[in-house]
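Notes follow the structure.
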Amino acid sequence: MNWKDVAEAIGLVAIVASLVFVGLQLRQAQDIGLAEGYSMAISTWNDADSQINEHVEIWRRGTAGENLDENEATIFASLVTQVNHAAILGFLHSQQVAGIDQAKIFAQDFAGFLYRNPGARRIWVMQEKNFATYRKILNSDYQTHIWTQTVNDYLTELDRQAPPIEEGIFVDW
């Protein structure tokens, strides 16, 4: 081998090594992004939990589908909205960083929560229908958001299979 061949071999090894290094950096950046997203989601869940704990009786009665007075109904709708926003945040972040399959876990969990809690489901469905009504008026090309469609698909499947609902308070989302 002459000097030129040695230099080309060293250059080739350097290029391959730099590509491997860039790949490792991209993988690390994705892992960091996932961790940051989960951290934001946990923070949002904690905020929702704090609000629920301040209004635990309204939350308990509302999720069970019991009658609430006007003020309680407003508080309950706000709590359901907070839980929905926390789930959406986790869904969208996971979708961006890890892909739709990972993101669907958030939609599955949220659909399970709605299935077990008819009062929360009623509020969520009503809110989504209201949003869709205004969005269709303001945007002729409007299509149902992937979050709403995915949760609705899972709810339809749960309704079809009708798994039993455990009695008692079971908070999970």
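Every read-out reported here was derived from the displayed coordinates using simple, explicitly stated rules and does not represent laboratory data. All values derive from a computational prediction rather than experimental measurement. All Cβ positions, glycine included, derive from the backbone under ideal geometry; neighbour counts span all protein chains shown.
Structural remarks
- In the chain, one over the average inverse separation of all distinct C-alpha pairs is 19.1 Å, which is the Kirkwood hydrodynamic radius.
- Loop-resident sites, segment 1-86, for GluC sites (Glu not before Pro), counting at most 13 other Cβ within 10 Å (DSSP): GLU66
- Sorted by Cβ neighbour density within 10 Å, fewest at the top, the residues LEU68, LEU114, LEU155, LEU26: LEU26, LEU68, LEU155, LEU114
- You can think of it this way: the chain between LEU138 and VAL20 has 37.7 nm of extra reach, that is 0.36 nm per residue less the Cα-Cα gap.
- Mean ellipticity per residue at 222 nm, deg cm²/dmol - from DSSP H runs of n ≥ 4 across the chain, formula -39500 (n - 2.57): -29000 deg cm²/dmol
- Percentage relative contact order, the chain, counting C-alpha pairs under 8 Å, at least six apart: 22
- Among the GluC sites (Glu not before Pro) found in segment 87-173, those both in a DSSP coil and sparsely packed, with 10 or fewer other Cβ atoms within 10 Å of their Cβ, are GLU166, GLU167.
- Overall form of segment 1-94 per C-alpha gyration tensor (a/c, 1.5; a/b vs b/c): prolate
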